[in-house]
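Working notes for the structure below.
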Amino acid sequence: MLTHLEICNSEVTHIQVTERLQNPGHGGQSFFFGVVRNRNHGRVVKAVTYDCHPELSRSVLETIILECRSQFGENLDAVVIHATNRIEPGGISVAIGVSTPHRDEAFLACRYIIEQIKVRLPVWK
């Protein structure tokens with residue numbers, strides 16, 4: 001059972017997530033990459049700056065992963081990386097990877113994680 005949770009000071013890359021999920025007993029992997037858009041409500045976006053409370057963020061992420069395991073299987077592997085600081089359009093601000101024995105749980109768990117992050121994680125734009 002793998003858990004990697006990280007708040008980093010720069011844009012996230014796909015490989016930071018995909019390379020960590022290598023469980024030969026798992027047949028399903030699901031990924032979500034939150035990318036900064038170049039427009040928001042009809043206005044041009046040059047960049048988004050993210051601030052956070054690092055210790056509280058980690059604690060909230062740990063709780064979310066525990067909830068995921070209780071709902072979608074104890075054997076769930078998860079990687080969650082959220083960026084802080086300035087991210088320009090096209091840059092990844094949040095990345096989630098989930099690996100489970102079967103695909104349905106991977107899809108559901110990945111969706112659950114991003115929805116909970118949007119509601120509960122102390123990260124501000």
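Would you confirm, using the coordinates I've provided, whether H41 is touching a residue at least 12 places away in the same chain (Cβ under 8 Å) and surrounded by fewer than 18 Cβ atoms within 10 Å (Cβ to Cβ)?
Answer is no for this residue.
Are there any strands (runs of 3 or more DSSP E) wholly within region 55-112 with 1 or more residues that are open to solvent by 60 Å² or more (accessible area, probe 1.4 Å) and at positive phi, and if so which?
85-87
Among the residues that make up region 45-54, is at least one of them under 20 Å from Q116 (Cβ atoms) and assigned to a helix (DSSP H, G or I)?
yes
Mind checking which residues of region 113-125 are of a type in the set (A, V, I, L, M, F, W, C) and in a helix (DSSP H, G or I)?
Those that are of a type in the set (A, V, I, L, M, F, W, C) and in a helix (DSSP H, G or I): I113, I114, I117, V119.
Quick one: which residue in G34, G25 is open to solvent by less than 50 Å² (accessible area, probe 1.4 Å) and in contact (Cβ under 8 Å) with a residue 60 or more places away in the chain?
G34
The values are calculated or read from the model by the stated rules, or taken from the named source; none is laboratory data. In this text the structure is predicted, and so the values were computed from the model without any measurement. We place every Cβ from the backbone using ideal geometry, glycine too, and count neighbours over all the protein chains shown. The area values use the complete protein model at the heavy-atom level, side chains included, leaving out ligands, DNA and RNA. Shrake-Rupley method; radii C 1.70, N 1.55, O 1.52, S 1.80 Å.
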